[in-house]
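The values are calculated or read from the model by the stated rules, or taken from the named source; none is laboratory data. Keep in mind it's a predicted model, so treat the numbers as computed, not measured. Counting neighbours? That spans all protein chains shown, and the Cβs are built from the backbone with ideal geometry, glycine included.
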Amino acid sequence: MAVEERCVTDAPSAQRWIGDLLSLVVARFEAPLWLRAFDAGAAAAAGAAAFATCNGMLLAARETAELRAESEQMGASLCRLMPAFGLVPPAPGPIAYPAAFAAACVGLAVPRETGLAAYLWAWAETQVLVAVKTVPLGQQAGQRLLFALHERVLQAVQVATRIAATDGDEHLGTAAVGLALMSARHERQYSRLFRS
């Protein structure tokens with residue numbers, strides 16, 4: 001929808017759109033909850049309630065039905081894959097993708113900030129792939145865009161780590177009104193490249 005609305009028209013506007021979502025949305029809510037879910041998962045049985053709370057917050061914060069379904073479907077897919085790696089997936093029920101990813105990192109003994117950086121890089125890579133196909137940008141422009149986002153991924157880890165270290169939830173949150181509106185309109189968009 002951002003492409004159709006001409007908010008994203010080329011590599012610089014794609015970099016701005018993706019980078020702003022990463023820094024202003026994901027780093028300030030989803031990523032700190034990813035860290036909390038990781039910490040809860042590392043606490044084993046004692047952290048089950050905290051993990052469930054993080055997961056519930058991640059699902060409840062999805063602005064549209066489409067974004068929630070995307071997170072649940074990706075979370076379910078990752079949970080189905082976990083046993084192949086000798087991992088026990090989180091308890092049954094809708095699992096948000098960020099929570100499932102955090103649980104997988106705990107199970108694989110991936111260090112906390114490294115796991116978050118991997119999650120954020122995968123998020124950015126997915127966004128760039130969409131831009132490569134829909135703008136379109138081309139493969140080399142996509143690789144340059146990913147390289148340009150590297151520093152913002154590292155900054156997002158730092159921001160999320162600071163927010164996750166605070167007591168309470170008052171520092172969590174974003175006001176991604178543009179993203180919510182675009183997502184709501186995307187649910188009724190006539191022609192879409194991807195199923196979200």
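Miscellaneous remarks
- Residue match in region 25-42 (condition: of a type in the set (A, V, I, L, M), free of Cβ contacts under 8 Å to residues at least 60 places away in the same chain and surrounded by fewer than 16 Cβ atoms within 10 Å (Cβ to Cβ)): no
- Residue 60 more than 22 Å from residue 166 (Cβ to Cβ) and without any contact (Cβ under 8 Å) to a residue 24 or more places away in the chain: no
- Residue match in region 70-87 (condition: under 27 Å from residue 171 (Cβ atoms) and touching a Ser or Thr at 6+ places or on another chain (Cβ under 9 Å)): yes
- Only one of the numbered conditions (1) over 15 Å from residue 164 (Cα atoms); (2) under 12 Å from the mean Cα position of the chain (by Cα); (3) of a type outside the set (Phe, Trp, Tyr) is violated by residue 26, and that is (1).
- Considering region 51-62, and only residues there that are surrounded by 17 or more Cβ atoms within 10 Å (Cβ to Cβ) and assigned to a helix (DSSP H, G or I), the residue that is nearest to the chain's Cα centre (by Cα) turns out to be 58.
- Pairs are defined by a Cβ separation below 7 Å, a sequence spacing of at least 6 or placement on different chains, a first member in region 83-101 that is within 20 Å of residue 114 (Cβ to Cβ), and a second member that is surrounded by 10 or more Cβ atoms within 10 Å (Cβ to Cβ) and among the hydroxyl-bearing types (Ser, Thr, Tyr); the pairs so defined are 97/71; 98/119; 101/119.
- Odd one out for residue 192, checked against (1) farther than 24 Å from residue 36 by Cα; (2) modelled with pLDDT of 95 or more; (3) part of a loop (DSSP other than H, G, I, E, B): (2)
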